[in-house]
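What follows is a single structure, written as structure tokens, with notes after it.
The values are calculated or read from the model by the stated rules, or taken from the named source; none is laboratory data. Given the structure is predicted, the values throughout are model-derived calculations rather than measurements. Cβ placement follows ideal geometry from the backbone for every residue including glycine, while neighbour counts extend to all protein chains displayed.
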Amino acid sequence: MRIWDLHCHLSAVEGDTPGERIDTLLRYADRMGIERICVFMGTQWKHDPLPEDFRHQNDEVLTAIRGREDRAFGFVYLNPKYLQESLAELDRCVRDGPMVGVKLWVAQRCNTPAVEAIFARAGDLKAVVYQHTWLKIGGAPAYSGGGNLPGESTPQELAEVAIRHPNVRLICGHTGGDWEPGIRAIRACPHVSAGIGGSHPTRGIVEMAVRELGAERVIYGSDAGGRSYASQLAKVIGADISEPEKTLILGGNLQRLLRPILKQKGISL
């Protein structure tokens, strides 16, 4: 199988520089038979980054993927609260640079007016948009008594976006965290895929996603270095689905989504 990992980070990875950190990621990827990885965000994250912060993080990703274009792709990290700066960064890194997608995290809910221009511009550029989504009910200390962060999107909100942007290639990150309602929330949106990375390797996630969405809308990602490649691959390899379905999830679907922008950039699959 040609395994492509949708979801990797430079944080929580050994190495002093972005280049050293991505080499660590690729070294472990080689052990797991992973051909290519997608990298989001830099070495230190902020929930609500200023323009100089997200530009710095994107510079770190650009540095990391330079010279490793045959193994790694970059997604540009944006904060819709700073719309004009985000659109300029989208142009810098995707239109005029090597990046192939957009990463939106927790600064602004995806269904707010500020984000509309980013989705539209991404569609014009044929860029894939990975939107972090979660349905939180717990009380982990980082979340001030439980529930989503103020700007953290839900799968239901991404489904609203999908209706307004039928031509944008959208990925629902983490399958919504609480994966059963998350999968159902995007079921009626055929151009929204479920990114299954970054949760515990719970039995049944992949099977339900395939049953409800079809294997063509399910995409493997690890969330490394916050998660291991092996645990996240196990969700797919150990799933009670067919081998052709596993092949799609582990690489075929991501290759299909990225093919238009890669062709536009002259990058061969």
Out of I249, I183, sole residue that is within 30 Å of G97 (Cβ to Cβ) and assigned to a helix (DSSP H, G or I):
I249
Is it true that some residue in region 194-207 is closer than 22 Å to V100 by Cα and at pLDDT below 95?
yes
Restricting attention to region 228-240, does a residue exist that is in a helix (DSSP H, G or I), of a type in the set (K, R) and exposed (fewer than 15 other Cβ atoms within 10 Å of the Cβ)?
no
Working carefully through the options L83, L50, find the one that is out of contact with any His (no Cβ under 9 Å at 6 or more places or on another chain), hydrophobic (A, V, I, L, M, F, W, C) and surrounded by fewer than 17 Cβ atoms within 10 Å (Cβ to Cβ).
L50
Sort out which residues of region 149-164 are polar (S, T, N, Q) and either assigned to a helix (DSSP H, G or I) or surrounded by fewer than 18 Cβ atoms within 10 Å (Cβ to Cβ) (or both), and write them in order of number.
Q156
Restricting region 191-217 to residues that are on the phi < 0 side of the Ramachandran plot and in a loop (DSSP other than H, G, I, E, B), which is surrounded by the most Cβ atoms within 10 Å (Cβ to Cβ)?
I196
Flagged in region 68-77 as touching a residue at least 40 places away in the same chain (Cβ under 8 Å) and out of contact with any strand residue (DSSP E or B) (no Cβ under 6 Å at 6 or more places or on another chain), in numbering order, are R68, E69
